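Accompanying notes for the structure given below.
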Amino acid sequence: LETSTAARAAVAATFDFCDDNALEDESVRRSWAGYGVVDVPAQENDPADGTVNGSIGVICDALLGADGDAVDALARVSSLQHGGQCVRSADLLAPAVADDDATDALSWPWQTCAEFGYYQTCEVGTRCPFAQGYVTLADEISMCAEAFGLGADVVEDNVAFSNLAYGGAAPRGARILFPNGDVDPWS
């Protein structure tokens, strides 16, 4: 992300941050650039939604049909997604892991830490379509220690065990179906 205070302030103004100095905070920069300048509902995509908050097709149309450069197009989609309200930096920080409230909110985080290790990262040098280097494996695994007391070494051992038990990328068995959506972030 921009290296000077003035350039970061200009980006903050373009994207209508409530605070022009919001991007001076490294955690805000990392979260905003790493988790998405705009929200792309990859797992909840609803082509019938008709808004930039629920349909990837609508987001693409808004980006491709916008006047100006790509940054201006992203800023317009961001503005639409925020209902014309300024972007609050507090809303950009990676959400804390929820407390156990007797819902299933912790089931997926538990599975990623205790069994499968499915993390959406964007490491430098990969083909990741997002801003590289802002969301790393270490960032994602830190949630395991915070929520469940499982360090990276335990997560690695758990994933290795699951891969051995289920066959990893080449599962053993028959009659296995691998559905893959058009917008699956892991495809």
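For Ala160, the test of being surrounded by 12 or more Cβ atoms within 10 Å (Cβ to Cβ) and out of contact with any strand residue (DSSP E or B) (no Cβ under 6 Å at 6 or more places or on another chain) is passed. Report yes if Ala145 is part of a helix (DSSP H, G or I), surrounded by 13 or more Cβ atoms within 10 Å (Cβ to Cβ), without any contact (Cβ under 8 Å) to a residue 12 or more places away in the chain and aliphatic (A, V, I, L, M), otherwise no. Yes; evaluated as a whole, the condition is true for this residue. Among the residues of the stretch 26-71, those identified as of a type in the set (D, E, K, R) and not in a helix (DSSP H, G or I) are Asp39, Glu44, Asp46, Asp49, Asp67, Asp69.
Free of Cβ contacts under 8 Å to residues at least 24 places away in the same chain, open to solvent by less than 70 Å² (accessible area, probe 1.4 Å), of a type in the set (Gly, Ala, Ser) and touching a helix residue (DSSP H, G or I) at 6+ places or on another chain (Cβ under 8 Å), is that true of Ala22?
So Ala22 does not fit the description; no.
Ala33 passes every criterion in (1) of a type outside the set (Asp, Glu); (2) open to solvent by less than 30 Å² (accessible area, probe 1.4 Å); (3) over 20 Å from the mean Cα position of the chain (by Cα) apart from (3).
Within the stretch 58-74, being under 15 Å from Asp39 (Cβ atoms) and surrounded by fewer than 15 Cβ atoms within 10 Å (Cβ to Cβ) holds for one residue alone: Cys60.
The values are calculated or read from the model by the stated rules, or taken from the named source; none is laboratory data. What you see is a predicted model, and the numbers here were worked out from it, not measured in a lab. Cβ atoms come from the backbone with ideal geometry, glycine included; neighbour counts cover every protein chain shown. Note: accessible area is taken over every heavy atom of the protein model, side chains too, but ligands, DNA and RNA are not part of it. Shrake-Rupley method; radii C 1.70, N 1.55, O 1.52, S 1.80 Å.
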